[in-house]
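Novice: Next up is a structure, given as structure tokens.
Readers should treat all values here as calculations from the given coordinates under stated rules, not as data from a laboratory. Predicted, not measured: the structure shown is a model, and the values here were computed from it. Methodologically, a virtual Cβ is constructed for each residue, glycine included, from the backbone with ideal geometry; neighbour enumeration extends over all protein chains shown.
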Amino acid sequence: METDHYTLKEIEASDINDIHRGLSNREITKYYDVHFSTLEETNEQMEWYRNLKKDGTGIWWGIYDKIGNQFCGACGFNNLERQHKKAEIGLWLLKENWGKGILKMVMPKLFEYGFINLDLNRIEGYVLSDNIKCKNALEKIDFTYEGTMRAYEIKNGEKINVDIYSILKSEWKK
């Protein structure tokens with residue numbers, strides 16, 4: 001998949017160094033359930049990507065800029081439920097790519113893939129309630145805030161609220 005400025009390539013085993021570079025950075029993983037200190041630990045994430053594809057429960061891509069073919073981050077779908085025609089969307093960027101509008105450029109391609117290729121009716125986004133930047137970004141690309149799931153997760157012994165956002169196929173602007 002391509003946008004004017006970015007190419008999305010399905011994540012494969014050879015991407016482990018780029019995935020590690022992102023998911024070993026505490027600023028990037030602050031709001032996520034994963035963090036990998038070593039390259040060896042990152043194999044767990046690479047296996048997760050492989051299993052999504054193998055089990056038919058999702059697919060993730062690396063985001064590369066077209067000018068230098070530099071890795072910028074990753075995005076994709078997980079928790080794909082074909083019966084209910086829904087999936088959860090995810091995206092993370094290397095810190096040097098924050099604030100460049102990549103989300104706004106890449107998400108339309110993900111919507112197209114999800115609503116057309118996967119025949120989804122609903123794309124969901126789960127965001128920790130205090131992740132203001134991510135919530136603002138989702139609202140900018142037409143996700144609707146549906147509510148807060150109180151004390152939904154426990155991270156480092158603390159109860160965490162999670163906000164849920166969604167976009168429906170009927171709301172999607174091609």
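Novice: Can you tell me, using C-alpha contacts under 8 Å and at least 6 residues apart, the relative contact order of the chain as a whole percent?
Specialist: 17
Novice: Regarding the chain, what are the three Cα extents along the principal axes, ordered largest first, in Å?
Specialist: Answer, in whole Å and largest first: 42, 39, 34 Å.
Novice: If you rank Trp60, Trp48 by fewest surrounding Cβ atoms within 10 Å, what's the result?
Specialist: Trp48, Trp60
Novice: Starting from the Cα-Cα distance between Glu27 and Glu10, subtract it from 0.36 nm times their residue separation and give me the gain in nm to one decimal.
Specialist: The span from Glu27 to Glu10 would gain 3.7 nm if fully extended.
Novice: Which entries in Lys66/Lys155; Lys54/Lys109; Lys9/Lys159 show an alpha-carbon gap greater than 32 Å?
Specialist: Correct reply: Lys66/Lys155; Lys9/Lys159.
Novice: So if we plug the beta-carbon distance of Tyr145 and His35 into 1/(1 + (r/R0)^6) with R0 = 35 Å, what FRET efficiency do we get, rounded to 0.05?
Specialist: Here the calculated transfer efficiency is 0.85.
Novice: Another question, then. Most fluctuating residue of Leu39, Leu80, Leu110 in a GNM of the chain with Cα springs under 10 Å: which is it?
Specialist: Top of the fluctuation ranking is Leu39.
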